[in-house]
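Engineer: Structure in C-alpha coordinates, see below.
The values are calculated or read from the model by the stated rules, or taken from the named source; none is laboratory data. These numbers come from a predicted model, not from an experiment. All Cβ positions, even for glycine, are placed from backbone atoms using ideal geometry, and neighbour counts span all protein chains on display. Each accessible area value is taken on the protein alone, full model and side chains, heavy atoms only, with ligands, DNA and RNA left out. Shrake-Rupley method; radii C 1.70, N 1.55, O 1.52, S 1.80 Å.
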Amino acid sequence: MLRKLLPHPLLTLTLIIVWQMLVNKLTPGNLLLGLILGLVIPFVTAAYWPNRPRLRNPLAIIEYTAIVIWDIIVANVEVAYIILFKSNANTHPAWVTIPLDLRTPEAITVLAGTITLTPGTVSSDVSACGKALLVHCLDAPDPDAVRDQIKDRYERRLKEIFE
Amino acid sequence: MFVEILISAGLVISGIFGIVGSFGLIKLPHPMMRLHAPTKATTLGVGGALIASMLYFGLIERDLSFHELMITVFLFLTAPITGHFIAKTHIHRNENKDSLPETGTARPWATFDHPQQEQEQPEQQS
(Lines give C-alpha, C1' and ligand atoms only; values in the text may rest on other atoms or scores of the structure.)
Protein backbone atom coordinates (compact mmCIF):
# COMPACT_ATOMS: atom_id res chain seq x y z
CA MET A 1 0.00 0.00 0.00
CA LEU A 2 2.70 2.45 1.05
CA ARG A 3 4.79 1.31 -1.88
CA LYS A 4 1.91 2.16 -4.23
CA LEU A 5 1.40 5.64 -2.79
CA LEU A 6 5.11 6.40 -2.47
CA PRO A 7 6.80 4.56 -5.32
CA HIS A 8 10.02 6.56 -5.07
CA PRO A 9 10.65 8.16 -1.66
CA LEU A 10 14.01 9.60 -2.76
CA LEU A 11 12.42 11.22 -5.83
CA THR A 12 9.73 12.72 -3.60
CA LEU A 13 12.37 14.20 -1.29
CA THR A 14 14.38 15.53 -4.25
CA LEU A 15 11.30 17.16 -5.78
CA ILE A 16 10.39 18.89 -2.51
CA ILE A 17 13.93 20.27 -2.11
CA VAL A 18 14.16 21.33 -5.77
CA TRP A 19 10.83 23.14 -5.51
CA GLN A 20 11.98 25.08 -2.43
CA MET A 21 15.15 26.09 -4.28
CA LEU A 22 13.17 27.15 -7.36
CA VAL A 23 10.80 29.43 -5.47
CA ASN A 24 13.73 30.55 -3.31
CA LYS A 25 11.60 31.28 -0.26
CA LEU A 26 10.75 28.86 2.53
CA THR A 27 7.11 29.38 3.54
CA PRO A 28 4.48 26.84 4.70
CA GLY A 29 2.55 27.39 1.46
CA ASN A 30 5.56 26.62 -0.72
CA LEU A 31 6.40 23.61 1.42
CA LEU A 32 2.85 22.29 0.97
CA LEU A 33 2.93 22.86 -2.79
CA GLY A 34 6.31 21.13 -2.96
CA LEU A 35 4.92 18.21 -0.96
CA ILE A 36 1.93 17.90 -3.32
CA LEU A 37 4.25 17.94 -6.36
CA GLY A 38 6.57 15.45 -4.67
CA LEU A 39 3.66 13.08 -4.10
CA VAL A 40 1.86 13.50 -7.43
CA ILE A 41 4.80 13.40 -9.87
CA PRO A 42 6.31 10.06 -8.69
CA PHE A 43 2.80 8.57 -8.56
CA VAL A 44 1.96 9.63 -12.13
CA THR A 45 5.33 8.62 -13.59
CA ALA A 46 5.64 5.36 -11.61
CA ALA A 47 4.84 3.32 -14.75
CA TYR A 48 8.06 4.54 -16.39
CA TRP A 49 10.18 3.57 -13.39
CA PRO A 50 9.29 -0.03 -12.63
CA ASN A 51 12.35 -0.62 -10.42
CA ARG A 52 13.80 1.42 -7.63
CA PRO A 53 17.50 1.99 -8.22
CA ARG A 54 19.29 0.79 -5.12
CA LEU A 55 22.13 2.84 -3.67
CA ARG A 56 24.60 0.62 -1.91
CA ASN A 57 26.91 3.31 -0.67
CA PRO A 58 25.31 6.80 -0.78
CA LEU A 59 28.25 8.50 0.95
CA ALA A 60 30.53 7.61 -1.96
CA ILE A 61 28.43 9.99 -4.11
CA ILE A 62 30.12 12.96 -2.40
CA GLU A 63 33.58 11.66 -3.25
CA TYR A 64 32.48 10.89 -6.81
CA THR A 65 31.00 14.38 -7.32
CA ALA A 66 34.16 16.04 -6.03
CA ILE A 67 36.35 13.99 -8.36
CA VAL A 68 34.12 14.73 -11.36
CA ILE A 69 34.10 18.49 -10.67
CA TRP A 70 37.89 18.51 -10.35
CA ASP A 71 38.21 16.51 -13.58
CA ILE A 72 35.87 18.91 -15.39
CA ILE A 73 38.13 21.85 -14.46
CA VAL A 74 41.35 20.06 -15.42
CA ALA A 75 39.90 18.71 -18.67
CA ASN A 76 38.52 22.16 -19.60
CA VAL A 77 42.02 23.61 -19.44
CA GLU A 78 43.42 20.68 -21.43
CA VAL A 79 40.84 21.04 -24.21
CA ALA A 80 41.30 24.81 -24.31
CA TYR A 81 45.01 24.15 -24.80
CA ILE A 82 44.29 21.71 -27.65
CA ILE A 83 41.96 24.19 -29.37
CA LEU A 84 44.27 27.18 -29.02
CA PHE A 85 47.77 25.80 -29.46
CA LYS A 86 47.63 22.46 -31.24
CA SER A 87 47.42 22.29 -35.04
CA ASN A 88 44.61 20.22 -36.48
CA ALA A 89 47.12 17.86 -38.10
CA ASN A 90 48.54 17.13 -34.67
CA THR A 91 45.33 16.22 -32.86
CA HIS A 92 44.28 12.59 -33.05
CA PRO A 93 40.54 12.08 -32.61
CA ALA A 94 39.58 8.47 -31.91
CA TRP A 95 36.62 6.23 -31.20
CA VAL A 96 37.12 4.16 -28.08
CA THR A 97 35.13 1.12 -27.02
CA ILE A 98 34.66 0.78 -23.29
CA PRO A 99 33.52 -2.65 -22.10
CA LEU A 100 31.15 -2.17 -19.19
CA ASP A 101 31.16 -4.01 -15.88
CA LEU A 102 28.17 -1.99 -14.70
CA ARG A 103 24.80 -3.60 -15.30
CA THR A 104 22.14 -1.31 -13.80
CA PRO A 105 20.75 1.18 -16.37
CA GLU A 106 20.96 4.06 -13.87
CA ALA A 107 24.66 3.50 -13.25
CA ILE A 108 25.40 3.29 -17.00
CA THR A 109 23.46 6.54 -17.54
CA VAL A 110 25.51 8.31 -14.86
CA LEU A 111 28.73 6.98 -16.36
CA ALA A 112 27.75 8.13 -19.88
CA GLY A 113 26.79 11.57 -18.53
CA THR A 114 30.07 11.86 -16.65
CA ILE A 115 32.07 10.97 -19.76
CA THR A 116 30.27 13.64 -21.79
CA LEU A 117 30.62 16.30 -19.07
CA THR A 118 34.36 15.87 -18.78
CA PRO A 119 35.38 17.72 -21.95
CA GLY A 120 37.49 15.86 -24.46
CA THR A 121 35.30 12.77 -24.37
CA VAL A 122 31.71 12.36 -25.59
CA SER A 123 29.80 9.14 -25.07
CA SER A 124 28.06 8.49 -28.38
CA ASP A 125 26.41 5.09 -28.35
CA VAL A 126 25.83 1.97 -26.33
CA SER A 127 25.92 -1.56 -27.66
CA ALA A 128 22.53 -3.17 -28.17
CA CYS A 129 23.04 -5.51 -25.22
CA GLY A 130 24.22 -2.68 -22.92
CA LYS A 131 27.63 -4.19 -22.32
CA ALA A 132 29.85 -1.67 -24.13
CA LEU A 133 29.97 2.10 -24.52
CA LEU A 134 31.19 4.00 -27.59
CA VAL A 135 33.18 7.11 -26.68
CA HIS A 136 34.64 9.74 -28.97
CA CYS A 137 37.89 11.40 -27.86
CA LEU A 138 39.03 14.78 -29.12
CA ASP A 139 42.71 14.00 -28.78
CA ALA A 140 43.76 10.48 -27.88
CA PRO A 141 47.16 9.38 -29.13
CA ASP A 142 46.73 6.35 -26.88
CA PRO A 143 43.07 5.17 -26.87
CA ASP A 144 43.81 2.31 -24.45
CA ALA A 145 44.93 4.78 -21.80
CA VAL A 146 41.62 6.66 -22.10
CA ARG A 147 39.70 3.43 -21.67
CA ASP A 148 41.70 2.38 -18.63
CA GLN A 149 41.34 5.81 -17.04
CA ILE A 150 37.55 5.85 -17.44
CA LYS A 151 37.24 2.31 -16.12
CA ASP A 152 39.46 2.89 -13.13
CA ARG A 153 38.45 6.42 -12.19
CA TYR A 154 34.69 6.48 -12.78
CA GLU A 155 33.33 3.00 -13.35
CA ARG A 156 35.00 1.44 -10.31
CA ARG A 157 33.54 4.16 -8.06
CA LEU A 158 30.08 3.91 -9.65
CA LYS A 159 30.16 0.18 -9.07
CA GLU A 160 30.75 0.89 -5.38
CA ILE A 161 27.79 3.29 -5.30
CA PHE A 162 25.21 1.32 -7.28
CA GLU A 163 26.06 -2.37 -7.26
CA MET B 1 37.68 43.87 -1.92
CA PHE B 2 38.72 40.21 -1.79
CA VAL B 3 35.21 39.13 -2.73
CA GLU B 4 35.18 41.55 -5.64
CA ILE B 5 38.41 40.05 -6.96
CA LEU B 6 36.87 36.56 -6.72
CA ILE B 7 33.76 37.71 -8.59
CA SER B 8 35.80 39.35 -11.35
CA ALA B 9 37.95 36.22 -11.63
CA GLY B 10 34.83 34.09 -12.09
CA LEU B 11 33.52 36.40 -14.82
CA VAL B 12 36.86 36.55 -16.65
CA ILE B 13 37.27 32.76 -16.53
CA SER B 14 33.76 32.25 -17.87
CA GLY B 15 34.41 34.74 -20.67
CA ILE B 16 37.69 33.11 -21.67
CA PHE B 17 36.22 29.62 -21.83
CA GLY B 18 33.17 30.89 -23.68
CA ILE B 19 35.31 32.42 -26.42
CA VAL B 20 37.65 29.42 -26.60
CA GLY B 21 34.64 27.12 -27.00
CA SER B 22 33.23 29.26 -29.82
CA PHE B 23 36.63 29.49 -31.48
CA GLY B 24 36.95 25.69 -31.34
CA LEU B 25 33.65 25.45 -33.19
CA ILE B 26 35.27 27.30 -36.14
CA LYS B 27 38.72 25.80 -35.95
CA LEU B 28 38.18 22.06 -35.53
CA PRO B 29 37.81 20.17 -38.83
CA HIS B 30 35.47 17.27 -38.09
CA PRO B 31 31.82 17.32 -36.88
CA MET B 32 32.51 14.95 -33.99
CA MET B 33 35.49 17.06 -32.92
CA ARG B 34 33.43 20.24 -33.12
CA LEU B 35 31.00 18.66 -30.68
CA HIS B 36 33.73 18.77 -28.03
CA ALA B 37 34.25 22.52 -28.23
CA PRO B 38 30.82 23.75 -27.00
CA THR B 39 30.96 21.38 -24.01
CA LYS B 40 33.42 23.87 -22.55
CA ALA B 41 30.95 26.71 -22.81
CA THR B 42 28.42 24.78 -20.73
CA THR B 43 30.76 23.59 -17.99
CA LEU B 44 33.45 26.06 -16.99
CA GLY B 45 32.07 28.93 -19.07
CA VAL B 46 28.61 28.92 -17.55
CA GLY B 47 29.94 27.60 -14.23
CA GLY B 48 32.24 30.59 -13.78
CA ALA B 49 29.45 33.09 -14.43
CA LEU B 50 27.13 31.25 -12.03
CA ILE B 51 29.71 31.13 -9.23
CA ALA B 52 30.35 34.86 -9.70
CA SER B 53 26.61 35.55 -9.55
CA MET B 54 26.22 33.43 -6.41
CA LEU B 55 29.12 35.21 -4.66
CA TYR B 56 27.76 38.61 -5.63
CA PHE B 57 24.24 38.03 -4.34
CA GLY B 58 25.37 36.03 -1.31
CA LEU B 59 28.14 38.26 -0.02
CA ILE B 60 27.49 41.76 -1.40
CA GLU B 61 23.70 41.99 -1.81
CA ARG B 62 23.20 39.69 1.22
CA ASP B 63 20.39 37.89 -0.57
CA LEU B 64 21.43 34.26 -0.97
CA SER B 65 19.83 32.68 -4.01
CA PHE B 66 19.67 29.01 -4.95
CA HIS B 67 18.72 29.65 -8.55
CA GLU B 68 22.33 29.48 -9.76
CA LEU B 69 22.70 26.06 -8.17
CA MET B 70 19.53 24.91 -9.92
CA ILE B 71 20.78 26.23 -13.28
CA THR B 72 24.01 24.25 -12.79
CA VAL B 73 22.15 21.07 -11.89
CA PHE B 74 19.76 21.32 -14.83
CA LEU B 75 22.60 22.15 -17.25
CA PHE B 76 24.61 19.17 -16.06
CA LEU B 77 21.56 16.95 -16.45
CA THR B 78 20.66 18.12 -19.97
CA ALA B 79 24.08 18.79 -21.58
CA PRO B 80 25.00 15.07 -21.97
CA ILE B 81 21.61 14.38 -23.57
CA THR B 82 21.98 17.04 -26.29
CA GLY B 83 25.55 15.85 -26.86
CA HIS B 84 24.31 12.30 -27.20
CA PHE B 85 21.60 13.35 -29.68
CA ILE B 86 24.10 15.13 -31.90
CA ALA B 87 26.54 12.22 -31.76
CA LYS B 88 23.77 9.77 -32.59
CA THR B 89 22.63 11.86 -35.57
CA HIS B 90 26.21 11.95 -36.80
CA ILE B 91 26.50 8.15 -36.52
CA HIS B 92 23.26 7.68 -38.46
CA ARG B 93 24.31 9.97 -41.28
CA ASN B 94 28.07 9.56 -41.62
CA GLU B 95 29.18 6.32 -40.03
CA ASN B 96 28.59 2.66 -40.74
CA LYS B 97 29.37 -0.60 -39.00
CA ASP B 98 32.88 -0.73 -40.42
CA SER B 99 33.94 2.81 -39.60
CA LEU B 100 33.29 2.35 -35.88
CA PRO B 101 35.33 0.07 -33.61
CA GLU B 102 33.98 -3.35 -32.61
CA THR B 103 31.66 -3.53 -29.63
CA GLY B 104 33.50 -6.53 -28.23
CA THR B 105 30.12 -8.15 -27.51
CA ALA B 106 27.77 -10.32 -29.54
CA ARG B 107 25.52 -7.41 -30.55
CA PRO B 108 26.31 -4.33 -32.68
CA TRP B 109 26.05 -0.71 -31.53
CA ALA B 110 22.44 0.21 -30.72
CA THR B 111 22.23 2.61 -33.68
CA PHE B 112 22.82 -0.25 -36.15
CA ASP B 113 20.84 -2.89 -34.32
CA HIS B 114 17.67 -3.81 -36.22
CA PRO B 115 14.57 -4.83 -34.33
CA GLN B 116 14.19 -8.04 -36.41
CA GLN B 117 17.54 -9.22 -35.16
CA GLU B 118 16.33 -8.78 -31.64
CA GLN B 119 13.51 -11.27 -32.22
CA GLU B 120 15.85 -13.82 -33.70
CA GLN B 121 18.24 -13.88 -30.79
CA PRO B 122 16.45 -12.69 -27.70
CA GLU B 123 18.75 -11.53 -24.96
CA GLN B 124 17.56 -11.13 -21.43
CA GLN B 125 18.07 -7.71 -19.92
CA SER B 126 18.83 -7.60 -16.26
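Engineer: Output the DSSP H helices from chain B with an along-axis C-alpha extent of no less than 30 Å and a mean Kyte-Doolittle hydropathy no less than -0.5.
Structural biologist: Taking the DSSP H segments of chain B (at least 30 Å long, mean hydropathy at least -0.5), we get B:2-27, B:67-94.
Engineer: When only C-alpha pairs under 8 Å and at least 6 residues apart count, what is the relative contact order of the range A:91-162, in percent? Spell out each step's value before the answer.
Structural biologist: On the way: 103 pairs, mean separation 31.7, N = 72.
Once divided by the residue count of the range A:91-162, the mean separation gives 44 percent.
Engineer: Identify the trypsin sites (Lys or Arg not before Pro) of the range B:1-80 meeting these criteria: DSSP loop state and at most 13 other C-beta atoms within 10 Å of the C-beta.
Structural biologist: B:ARG62
Engineer: Moving on to the next point. Limiting things to C-alpha atoms, what are the Rg and the maximum Cα-Cα separation (Dmax) for chain A, in angstroms?
Structural biologist: Rg and Dmax of chain A, Cα atoms, are 19.7, 63 Å.
Engineer: Enumerate the helices in chain A for which the Kyte-Doolittle hydropathy averages -0.5 or more and the C-alpha atoms extend at least 27 Å along the helix's axis, using complete DSSP H runs.
Structural biologist: A:60-85
Engineer: Continuing with the same structure: Of A:LEU111, A:LEU33, A:LEU134, which has the largest mean-square fluctuation in a 10 Å C-alpha GNM of chain A?
Structural biologist: Top of the fluctuation ranking is A:LEU33.
Engineer: Using amide H atoms built 1.01 Å from N in the peptide plane, name the residues 5+ places from A:ALA132, or on other chains, whose amide H lies under 5 Å from its own.
Structural biologist: Placed amide hydrogens put A:LEU100, A:SER127 under 5 Å from A:ALA132.
Engineer: For the protein assembly as shown, report the translational diffusion coefficient in µm²/s to the nearest whole number, using Stokes-Einstein at 25 °C, 0.890 mPa s, and a Kirkwood Rh over Cα pairs.
Structural biologist: Once the numbers are plugged in, D ends up at 116 µm²/s.
Engineer: What accessible area per residue comes out for chain A, rounded to a whole number of Å², with a 1.4 Å probe?
Structural biologist: Value for chain A: 55 Å² per residue.
Engineer: Classify the range B:2-95: rounded, prolate or oblate, from the alpha-carbon gyration tensor (a ≥ b ≥ c, eigenvalue square roots; a/c under 1.5 rounded; otherwise prolate if a/b is larger than b/c)?
Structural biologist: Cα axes put the range B:2-95 in the oblate bin.
Engineer: In Å², rounded to the nearest 100, what is the total accessible surface buried by chains A and B against each other with a 1.4 Å probe? Don't skip to the end; give the middle numbers.
Structural biologist: Working: alone 10880 and 9710 Å², together 16820 Å².
Interface area, both chains combined: 3800 Å², rounded to the nearest 100.
Engineer: Kindly identify the range A:1-48 as rounded, prolate or oblate by the Cα gyration tensor criterion: order the square roots of the eigenvalues as a ≥ b ≥ c, call it rounded if a/c is under 1.5, otherwise compare a/b with b/c, prolate if a/b is larger, else oblate.
Structural biologist: Here the range A:1-48 falls in the prolate category.
Engineer: Continuing with this model, one more query. Share of the range A:1-48's accessible area from carbon and sulfur, percent, 1.4 Å?
Structural biologist: 81
Engineer: Loop by DSSP (not H, G, I, E, B), at most 16 other beta-carbon atoms within 10 Å: where is the longest site-free stretch of chain A for trypsin sites (Lys or Arg not before Pro)?
Structural biologist: A:104-163
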